[in-house]
1. Cα axis of helix A:242-262 to longest principal axis of chain A: angle in degrees, 0 to 90, nearest 10?
2. Quick one: compute the contact order of chain B, relative version, from alpha carbon pairs under 8 angstrom and 6+ residues apart, as a percent.
3. Roughly how tilted is helix B:167-182, in degrees to the nearest 10 and between 0 and 90, from the longest Cα axis of chain B?
4. Based on Cα coordinates alone, diagonalise the gyration tensor for chain A, multiply each eigenvalue by 5, take square roots, and list the semi-axes in whole Å, largest first.
5. Using a Gaussian network model of chain A with C-alpha springs under 10 Å, which one of A:37, A:104, A:131 is most mobile by mean-square fluctuation?
6. Which whole-number value in Å³ per residue fits the convex hull of the alpha carbons of chain B?
7. Using a Gaussian network model of chain A whose springs link C-alpha atoms within less than 10 Å, name the residue from A:274, A:259, A:170 with the highest mean-square fluctuation.
8. Which FRET efficiency, nearest 0.05, do residue B:230 and residue B:76 yield, Cβ-Cβ r, R0 45 Å?
């Protein structure tokens, strides 16, 4: 392999990892909510779309750069997630799975059509300070938005895993995901932890969405696609496995990047899905899923 | 200390309990015995707030706690060591024990309690960093009991602590229960199918059948009762 080819490959790998961290975080939201409520949120991606359109609004009205507004959006999304949980999700905790699908798909329609109403059906993008910038590290040329997403995303992921492993809240989350009744017996307030985690997961989307703004062209209908992709990350990692989810995000990011590089076009876009199918063929319970 | 009056509870359309009443005194060890399906676990699950009673009420230290949430009940010192143990299998013994103290406001009490339970079960000290799911049945029961004690209970309710364990392990568990009851003065409510064992350490007992209490009295007396001997002791 010639040196330049080698550099191109490494560059693609690095880019895949950088995007993969974002995918991992998208999946992690689903994993965390599922682990402690056994609910699947089909409106997951739409909340992310909503976050990006809030960025658009802030840009239009106040001229705020998406990077500047990301913290604001996240701070806004945490209490909003809490409200959505307290008013809607709490009611379907013990309901039939179809009720849950109905509720969250209902939210999809509300968010998508709300965005359509407010912003129209046009494709949108928001300029950011980093959009066209590149960073040179040795022979590698990295796109600044990807690098920023990677740095912030990794810090976030590390903070999340640290919380899960070493704090009372983290232990409570793991306890509830492993045995709800046992968690009640030791005196954990399960509903309160569920509220915190749900708010946190929505807040996470409020932060991840803005970071993806420079990489994605926005449409009001992109939410369901993002949800689908998040579900793939969630399942591929091993249902309910936090570390597996992050790993799956990285694998999918790399697969996407290499697919673009070596195959390209529409066929290249299929590569991550192909990898997903392959992983499930070899490990039906997911990358780090427990064997049934 | 604990007073249960006319408790009715069940799952779905069926009532498992019909009008169960009993009480326990401070510092006392009371046994609730009976065969499989008599409703003993349902009694404990109702008291612990895992299921909501249909009617009747539960008082603890003079306060009515009927229908309280489980975490509120643990907070006032009424703690259940559940049947089947319900440990957190992928977490270490230490993590399980620390979670047992979730209700404690004062974090400073945890080290003291931890030292106490590890002194009760030296075996757990060796296993402290092992995940709970990898332990033997007896060790898991020890973790469940120790986890319950970490909540600093005033009354500890034990649901079938000897179920499925080897005789040697059962003896070990009961040695600890006896110590808790006699030396530490902890109040115990013991649910068992192992009638002889339960009545041997308790001062009073209640016998349940088909969701009702059919007999009660001093444990020594119940052991001599012909109906108990015939039905549960195989004599």
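Just so it is clear, none of the values below were taken in a lab; they were calculated from the coordinates. These numbers come from a predicted model, not from an experiment. Every residue, glycine as well, gets a Cβ built from its backbone with ideal geometry; the counts of neighbours run over all protein chains shown.
1. 30
2. About 28 percent, as a whole number.
3. Computed tilt is about 90 degrees.
4. Taking √(5λ) for each Cα gyration eigenvalue gives 30, 24, 18 Å.
5. A:131
6. 118
7. For chain A, modelled as a Gaussian network with Cα springs under 10 Å, the answer is A:274.
8. 0.70
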